[in-house]
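Here's the structure, in structure tokens; my notes come after.
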Amino acid sequence: MTQPNVAYFSMEMAIDQSLNTYSGGLGFLAGSHMQSAGYLGLPMVGVSILWSYGYYDQRIDSEGKAEVAYFRKHYDFLTDTGITVDVEIFRQQVKVKAFRLEPEIFGTVPIYLLTTDLPENSPEMRQICHRLYDGNERTRICQEIVLGIGGIRVLQMAGFNFDVVHMNEGHALPAAFELLRLFNGDLNKVREKTVFTTHTPVAAGNEVHWIDLLYDAGFFSGTSKEKAIELGGENFSLTVAALRMSRLANAVSQLHGLVSNKMWEWVKGRCPIRAITNAVNLHYWQDPRISCAKTDQELLDAKTDMKKELFTYVANKTGKRFNPDVLTITWARRFADYKRAWLILMNRERIEKLLKEDKLQIIFAGKFHPDDTLGRDMFNNILKQSHELKNVAVLPNYDLKLSSILKRGSDVWLNTPLRPFEASGTSGMSANMNGSLHLSIFDGWAVEGTFHNINGYTITYDGIDEDIPWEDRHWKDYEVMMKIIEKDMIPTYYNNKTQWAALTRQAIRTSEAYFNSDRMVIEYYNRLYNPIAHGGSKEEEFKPVAEVESPNPNAWTYSNIR
């Protein structure tokens, strides 16, 4: 069977440190998808945006607080395709130019990177492609139009005959409306070519905009306002419309599959939602010293060497000198409130005792959205505490390079989301690949891949899904986590190196066996792409899901969390 040609649309892609077109986990995942598809030689292209200023650079100012800075990037390794297409945005004809990342540069599939930052465009339209996830609603909508409508038109000009359009999150939804225009309003033909990945149960991650603003912007590519309302509502939900315009959708872990089907069960006419668990690219993320370590002692020695390298970086950035013989825990990911970076610091006296006794060292890293006041305050609060606490460091400007250094040099990778809002949480997978044990809330991929006291540690207990006040939930999670640290991790690390090496070895094996994106991309082809392109069995055919009784669109949202 000939494999279908897939066009993979994503607002961000983390391909290499030198190409600043990503912000965090979604981009890391997309980058691994592109790398594995290229490694496996599959017929796929990527479509994304060439961000002139990237996401942002995070620095610490003279007052000891995080500041946001932007620097224009210039890339001399991209191919100018010579392709420019016109897209109407807010009644202006906007030029969208396509550059191409060639496969041989970083081992990916070909990737088309779009930009409106051209002299031919007005200043307003040039800035569409300046900053990833611009906080201005109007600009954000424009970005999605460029990605979706511009992306389809660029692929047509490039002569890529796609069988499947994969929308990685709702950002690319205008691509489905552009297909609807091309198919003269035939929604079934759109569904034949379209699949959709939903990434989060958090309300903020499922965009909603007022219908009139989207219509005025040209978001619907000529589709009538009435039809758009039918697909996504007057307060238009990108996720709801994507579920109605796709033939198949997927969640990004098995638990997230259950959550997503419950969350969107009220949506009449939605497509089925499957679960395909995220993964990361083994070839990119794993340090060769890990794969070369044959004995337990060689593995422990490799980890010590990598810890020393990390601690040199820590000393250079913070002035703090960490000890490679001390158990080191890292929390590194997006600074969003539901991810609870602060959880391990809830009882200052309790954690300070372990830090002063040199039982623990803790490193924090991660970016907040520039307009997320709560995330910024959380970062600055932990940064302030790091100045007061021994053996605690905060590293700014979390990116691919820093992520790699941290995953190699950490003993434990800490994940503390409020269950069930971590859809997957892929950073722990690449940490596992480098012998860093996962200490995680029983959420996301940890439910499938972190086996307590075998290859890591899970924070779980009877009644984990009971409806209790958030404050009580935080303290319950904290107590279980600290008991694991104090009673399991610390004694094992210092008193039983054989057992610690066994845990480390099993973490590596688990990630190599299942959480490698080569497996993930093959699964996408087998379970999402092939049924679309080749018709599949009757079981695979699009069957709109009927609306359930008493629909509750807020069933799993995060909006009521304090």
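The values are calculated or read from the model by the stated rules, or taken from the named source; none is laboratory data. Because the structure is a prediction, the values reported are computed rather than measured. Cβ placement follows ideal geometry from the backbone for every residue including glycine, while neighbour counts extend to all protein chains displayed.
If you check Arg321 against the conditions, is it in the same structural domain as Thr426 (by TED's automatic domain parsing) and within 26 Å of Phe421 (Cβ to Cβ)? Spelling it out, it is not the case that Arg321 is in the same structural domain as Thr426 (by TED's automatic domain parsing) and within 26 Å of Phe421 (Cβ to Cβ).
Flag: Arg289 matches the condition of being basic (Lys, Arg) and surrounded by fewer than 24 Cβ atoms within 10 Å (Cβ to Cβ). Scanning the stretch 311-347 for residues that are more than 20 Å from Gly409 (Cα to Cα), touching a residue at least 60 places away in the same chain (Cβ under 8 Å), buried (at least 20 other Cβ atoms within 10 Å of the Cβ) and hydrophobic (A, V, I, L, M, F, W, C) turns up Ala336, Leu343.
If the condition is being under 14 Å from Pro370 (Cα atoms), loosely packed, with under 15 Cβ neighbours inside 10 Å and touching a residue at least 24 places away in the same chain (Cβ under 8 Å), then the stretch 120-136 contributes only Gly135. Restricted to helices (runs of 4 or more DSSP H) entirely inside the stretch 425-537, those with at least 3 residues that are surrounded by fewer than 22 Cβ atoms within 10 Å (Cβ to Cβ) are 470-483, 490-495, 497-514, 517-524, 530-534.
If you filter the stretch 362-398 down to residues that are of a type in the set (S, T, N, Q) and assigned to a loop (DSSP other than H, G, I, E, B), you find that the one that is farthest from Asp134 (Cα to Cα) is Asn391.
In the stretch 208-246, the residue that is farthest from Thr139 (Cα to Cα) out of those that are loosely packed, with under 15 Cβ neighbours inside 10 Å and of a type in the set (Gly, Ala, Ser) is Ser224. Under the condition of being aliphatic (A, V, I, L, M) and touching a Gly at 6+ places or on another chain (Cβ under 8 Å), the residues counted in the stretch 415-460 number 5.
Does Leu42 satisfy the condition of being over 23 Å from Phe160 (Cα atoms) and modelled with pLDDT of 95 or more? Show your work before the answer.
Numbers: over 23 Å from Phe160 (Cα atoms): no; modelled with pLDDT of 95 or more: yes.
Considered against the rule, which asks whether it is over 23 Å from Phe160 (Cα atoms) and modelled with pLDDT of 95 or more, Leu42 comes out as no.
In a residue-by-residue description of the stretch 101-115, the property of being hydroxyl-bearing (Ser, Thr, Tyr), more than 19 Å from Ala175 (Cα to Cα) and modelled with pLDDT of 95 or more applies to at least one position. With the requirement that a residue be surrounded by fewer than 22 Cβ atoms within 10 Å (Cβ to Cβ) and aromatic (Phe, Trp, Tyr), what does the stretch 360-417 give you? If the condition is that a residue be surrounded by fewer than 22 Cβ atoms within 10 Å (Cβ to Cβ) and aromatic (Phe, Trp, Tyr), then Tyr398 is the only one that fits.
For the stretch 264-277, the condition of being touching a strand residue (DSSP E or B) at 6+ places or on another chain (Cβ under 6 Å) and part of a helix (DSSP H, G or I) holds for none of the residues.
For the stretch 11-33, filtering for residues that are under 12 Å from Thr108 (Cβ atoms) and within 12 Å of the chain's Cα centre (by Cα) leaves 6.
Taking Phe379, is it more than 25 Å from the chain's Cα centre (by Cα), of a type in the set (Phe, Trp, Tyr) and assigned by TED's automatic domain parsing to the domain that holds His474?
no
The residue of the stretch 247-280 that is surrounded by the fewest Cβ atoms within 10 Å (Cβ to Cβ), among those that are under 12 Å from Val195 (Cα atoms) and among the hydrophobic types (A, V, I, L, M, F, W, C), is Leu248.
Would you confirm whether or not the stretch 322-330 contains a residue that is in a strand (DSSP E or B), hydrophobic (A, V, I, L, M, F, W, C), closer than 26 Å to Ile405 by Cβ and touching a Leu at 6+ places or on another chain (Cβ under 6 Å)? Steps first, answer last, please.
Initially, the stretch 322-330 is screened for residues in a strand (DSSP E or B), giving 328-330.
Adding the requirement that they be hydrophobic (A, V, I, L, M, F, W, C) leaves 329.
Among the residues that remain, those that are also closer than 26 Å to Ile405 by Cβ are: 329.
Filter once more, so that each one left must be touching a Leu at 6+ places or on another chain (Cβ under 6 Å): 329.
Yes: the stretch 322-330 contains one or more residues that are in a strand (DSSP E or B), hydrophobic (A, V, I, L, M, F, W, C), closer than 26 Å to Ile405 by Cβ and touching a Leu at 6+ places or on another chain (Cβ under 6 Å).
In the stretch 49-59 there is at least one residue matching the filter, namely being among the β-branched types (Val, Ile, Thr) and either under 16 Å from Gln143 (Cα atoms) or buried (at least 24 other Cβ atoms within 10 Å of the Cβ) (or both). Would you say Gly456 is out of contact with any Leu (no Cβ under 9 Å at 6 or more places or on another chain) and either under 24 Å from Leu360 (Cβ atoms) or modelled with pLDDT of 95 or more (or both)? No: the conditions fail for Gly456.
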